1. Which order do 216, 193 take by accessible area at a 1.4 Å probe, largest first?
2. With every protein chain left in place and a probe of 1.4 Å, what is the accessible surface of residue 229, to the nearest 10 Å²?
3. Just to make sure I understand: if all protein chains stay in place, what is the order of 282, 295, 314 by accessible area at 1.4 Å, largest first?
4. Grab the beta carbon distance between residue 308 and residue 211, set R0 = 35 Å, and tell me the FRET efficiency rounded to 0.05.
5. Per residue, how large is the accessible surface of the stretch 260-347? Use a 1.4 angstrom probe and give square angstrom.
6. Compute, for residue 104, the solvent-accessible surface of its heavy atoms (probe 1.4 Å) with the complete set of protein chains present, and express it in square angstrom to the nearest 10.
7. Return the FRET efficiency for the residue pair residue 229, residue 200: r is the Cβ-Cβ distance, R0 is 51 Å, and the value is rounded to the nearest 0.05.
8. Distance check, please: which entries in 312/341; 308/347; 99/125 exceed 22 angstrom between their Cα atoms?
Amino acid sequence: MKNLILPFLMLFGIQAYAQLKFESDNSLHIYRTTPPVGSAGNIQIHSSQDLRFGDGPDGNYNIEYWDGGLNFFKEYPDPDFGDYKLFIRDNGNVGIGKKPGYKLDVNGDIATYGTIRITSDIRKKTSVQPLRNTIGQVRQLNAISFQPIINDTIWYKDSAENKKFTLSKQAKIQQESKRFGFSAQEIQKIFPELVSTDPAGYLNVDYIGLIPVIVEALKEQQTQIEEQKELINYLIKQLKNNSTEKEIIFSIEKAEDSADEIPLLMQNSPNPFNTQTEIDFYIPENIQNANLYVYDMMGVQKMSINIKERNKNYITIQASALKAGTYFYTLICDGKPVDTKQMILTK
């Protein structure tokens, strides 16, 4: 292509209403003396012609409309030759180093000295639901280290032929670029909502979308840790109160069952007691009605306590409410007996 294509195009496109002049600032100026009616006065380049910028014989940077968009490219044999240095598709997608399949598509690393902000206002969300039971799914994920495979196809224009050619780089592994991440194929099986397919058929992962999933998993794990701490404290208290080995093993088994939402009744402490005693229990959220009944040795009901609390909690029995003696207490949940234990009151 001739170096003078831009001046020629501009000269032929200028009407009698305009003047083309080089000024003392070494810039080319276009002056309009009489505004033409019904024309915006645009500079238009038709066919496959391009604009060229720079000091080289064919320009250092070129701009053309090609392949469905506006293409910023460097012509062969420039050392950095290649198309798609910047590419704006007709649909508005912008690509850097490639034809874009997304609104912004970059072939390479992205760096910022600021931050990346993503709109997350609840007012712009619908069908909002809390995440639940993510810890099991997160445990299925396997983090990996890897080295990316580079297999670029560079498109370029030959200056003599004015045609498009391709130059393929041999696939190679970047030994100096070890990275960490996940397999998109694995994530697709567990969280398909976080995986998409690009126009070339490769899978992409929404890594930011993994953050709330992992946060919920950590919260669930912390809840389990706290429940285990409570169980350990309870077992220590049982040991201090000289509970039998059988009672401790039974408590452990029931506590393990409680992870499957099964009610649990603990031995009162202290036992025997002469002022007050505490009865620990675990009642799942799905239980509608829970009551604790206290009976004497003759089977006569002495107390009836409706339990409003759920999860791990306790109630206190005051010695003043009963006479000295031996009693049995039973936990009933939704009409079904959970467990019965014995307590002794001394005065």
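The values are calculated or read from the model by the stated rules, or taken from the named source; none is laboratory data. Source: prediction; values computed, not measured. Every residue, glycine among them, receives a Cβ derived from its backbone with ideal geometry; neighbour counts consider all protein chains shown. Just so you know, the surface numbers come from the protein's heavy atoms only, side chains and all, with ligands and any DNA or RNA stripped out. Shrake-Rupley method; radii C 1.70, N 1.55, O 1.52, S 1.80 Å.
1. Most to least solvent-accessible, the answer reads 193, 216.
2. About 120 Å², ignoring ligands and nucleic acids.
3. 314, 295, 282
4. 0.45
5. Solvent-accessible surface per residue comes out at 53 Å².
6. 110
7. 0.50
8. Beyond 22 Å between Cα atoms: 308/347; 99/125.
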